[in-house]
Amino acid sequence: MPFDVLSDVPDEALLIAFGNGDAAAARELTLRLTPRVLAFAARMLGGDRGEAEDVAQEAMLRLWRIAPDWRMGEAKVTTWLYRVVANLCVDRRRRRGRVRPLDDAGDPADAGPGAAAAMQDRQRARALEQALADLPVRQRQAVVLRHIEGLGNPEIAEIMDIGVEAVESLTARGKRRLAASLANRREELGYDGE
């Protein structure tokens, strides 16, 4: 199939096509999903990019292994994949025993208008990553899936294997904790006039 045609094909259909030997479908699905699962894993792991890459790779490998058995309509690929990533992250955090510092998280690419703005953007991103890392795991997962990944509460509920009301509660509590954690840093982060 031509590459541009695949961009409109649903994830589930691409996975089935890969399960049937279509390498172009696998390439499209990898390009589509890997950045999302990598970003989710990094946030779940407190910004540890190396561990996030390992988790994303393991999750994608698991997806490729189940591809031949995937049945359309049973689940969304992204729902299944986010659940796998979340479980892998929880396992790594348990083995690690505590949250690692964000020193190795790396800085976002400098695409800002100037050095001062770029520094402030990096400082804000680090502050958010730190505040997210301090949240309990389930709150962090709900907040990241809802407000960073942009998923709806029903899909988050399926990923986390809880009810929609529980998702709403976790998200609300997580947002309150984030706000409280960052409240005393408004001026430092350049939000004093906003």
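The values are calculated or read from the model by the stated rules, or taken from the named source; none is laboratory data. As the structure is a computational prediction, the values presented were derived from the model and not from experiment. Reconstructed Cβ throughout: ideal geometry from the backbone, glycine too, with neighbour counts over all protein chains shown.
Of the residues W70, W80, which is of a type in the set (F, W, Y), in the same structural domain as A17 (by TED's automatic domain parsing) and at pLDDT 90 or above? Working first, answer last.
On the way: W70 fails: at pLDDT 90 or above.
Exactly one residue qualifies, and that residue is W80.
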Take region 29-58 and flag every residue that is closer than 20 Å to E12 by Cα and over 12 Å from the mean Cα position of the chain (by Cα). L29, T30, L31, R32, Q57, E58
Among the listed residues A26, A67, A39, A17, which satisfies the condition of being touching a Leu at 6+ places or on another chain (Cβ under 6 Å) and surrounded by 15 or more Cβ atoms within 10 Å (Cβ to Cβ)? A67
Return only the number of the condition from (1) touching a Leu at 6+ places or on another chain (Cβ under 9 Å); (2) in a helix (DSSP H, G or I); (3) within 24 Å of R92 (Cβ to Cβ) that L182 does not satisfy. (3)
Only one of (1) within 30 Å of A125 (Cα to Cα); (2) modelled with pLDDT of 90 or more; (3) not hydroxyl-bearing (S, T, Y) does not apply to R49, and that is (2)
For the structure I just gave you, tell me whether A172 is assigned to a helix (DSSP H, G or I), out of contact with any helix residue (DSSP H, G or I) (no Cβ under 6 Å at 6 or more places or on another chain), surrounded by 12 or more Cβ atoms within 10 Å (Cβ to Cβ) and without any contact (Cβ under 8 Å) to a residue 24 or more places away in the chain. yes
State yes or no: is A157 exposed (fewer than 13 other Cβ atoms within 10 Å of the Cβ) and part of a helix (DSSP H, G or I)? no
Output the residues belonging to region 135-154 that are surrounded by fewer than 16 Cβ atoms within 10 Å (Cβ to Cβ) and within 25 Å of V77 (Cβ to Cβ). V137, H147, I148, G150, G152, P154
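What do you reckon, is R100 closer than 22 Å to V37 by Cβ, at pLDDT below 85 and exposed (fewer than 14 other Cβ atoms within 10 Å of the Cβ)? Even if it seems obvious, please write down each step before you answer.
On the way: closer than 22 Å to V37 by Cβ: yes; at pLDDT below 85: yes; exposed (fewer than 14 other Cβ atoms within 10 Å of the Cβ): no.
For R100, the condition - closer than 22 Å to V37 by Cβ, at pLDDT below 85 and exposed (fewer than 14 other Cβ atoms within 10 Å of the Cβ) - is not met.
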All but one of (1) without any contact (Cβ under 8 Å) to a residue 12 or more places away in the chain; (2) assigned to a loop (DSSP other than H, G, I, E, B) hold for L61; state the number of the condition that does not hold. (2)
